[in-house]
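Notes follow the structure.
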Amino acid sequence: MTGVNPSALRLDDVGAASKRYEVYGVTRVRIGPVTIPFPGNFLFLKYVPPIRRWGPYRELTAAHWDRILEALARAGARMTVGVTAGWVESDGRVVPFPRKFSAAAAVIRRGTESGLLEVANHGYTHCVLDGRRFRPRLFSGNRTAHREFHEWLSSEVHLDHLARAQAILQDFLGCPVVTFIPPGNVFTRDTLAAAASTGLRYVSCLQPGRWGPFPGITFVEDRDVRAMHDRDLVLGGLRVLTSLLEPGEAPPFVTVREVGARLEAAAR
Ligand SMILES: [Zn+2]
């Protein structure tokens, strides 16, 4: 099957504290033709490249965002930014993204005003707050705790987190946020119901076919989206983005909202 044309460009994990606390290491290594267990989560080992698999890495700065906007404008492209609306401090306090990273947030808002960016809801915390499970552990990885909408959390938690994220992002941007990117692609029907009830219409995720149609929601599936993480740009440089924007046969990228609106209209 081919996807829609043009497809959407998406950058996730902006403002997500998982970049600081999600730490886990390689647990299998390949030696010649075999893979063997490796204690990559033991104490400091999980922080050492190339054993380190995810964090820690830094947030994109306002200067990075200026260059991202320039690159998009030059290419005639647009991009959806998955923002996690609350930064989790190590004591479990949650600070709104626009307050924690005010300079970067101001450039992102300017990008939405000029139509180069769409801000999507990428959760309130990106992680489980209960029991401080999000914090790094001594002898194991903590990847599971860095998904937000697990089925073992109550439907109230799903709704509360989505509503808080919507309030923070919409107050800051002064416009509706209509796209939801579930952190780590983990979510349930409770999450979808909460999304629809908080004004979210488009859900960008992998394999949406498993849910069937859901009232009020249009799924934008992975084949229609080129997804990256801020980690790719922080570690790989802006080149990771600009190489995707080079002129080719495909038309320039658009936002997830634009693809969603097209799919929604086609389904009518
Ligand atoms: Zn994420």
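With the condition being open to solvent by 10 Å² or more (accessible area, probe 1.4 Å) and within 22 Å of THR84 (Cα to Cα), I'd like the strands (runs of 3 or more DSSP E) fully within region 159-268 carrying at least 2 qualifying residues.
Passing ranges, in order: 218-221, 225-229.
Pairs, please: C-beta under 7 Å, at least 6 apart or cross-chain, first residue farther than 25 Å from PRO252 by Cβ and among the aromatic types (Phe, Trp, Tyr) and in region 105-134, second open to solvent by 10 Å² or more (accessible area, probe 1.4 Å) and assigned to a helix (DSSP H, G or I)?
TYR124/HIS161; TYR124/ARG164; PHE134/TYR21
For region 1-84, which strands (runs of 3 or more DSSP E) that fit wholly inside it have 3 or more residues that are at pLDDT below 65?
No strands (runs of 3 or more DSSP E) qualify here.
State all residues of region 108-132 that are more than 23 Å from LEU241 (Cα to Cα), of a type in the set (A, V, I, L, M) and open to solvent by less than 10 Å² (accessible area, probe 1.4 Å); if no residue qualifies, say none.
Hit for region 108-132 is VAL128, nothing else.
The values are calculated or read from the model by the stated rules, or taken from the named source; none is laboratory data. Because the structure is a prediction, the values reported are computed rather than measured. Cβ atoms come from the backbone with ideal geometry, glycine included; neighbour counts cover every protein chain shown. Protein only, heavy atoms only, side chains kept; ligands, DNA and RNA dropped before computing areas. Shrake-Rupley method; radii C 1.70, N 1.55, O 1.52, S 1.80 Å.
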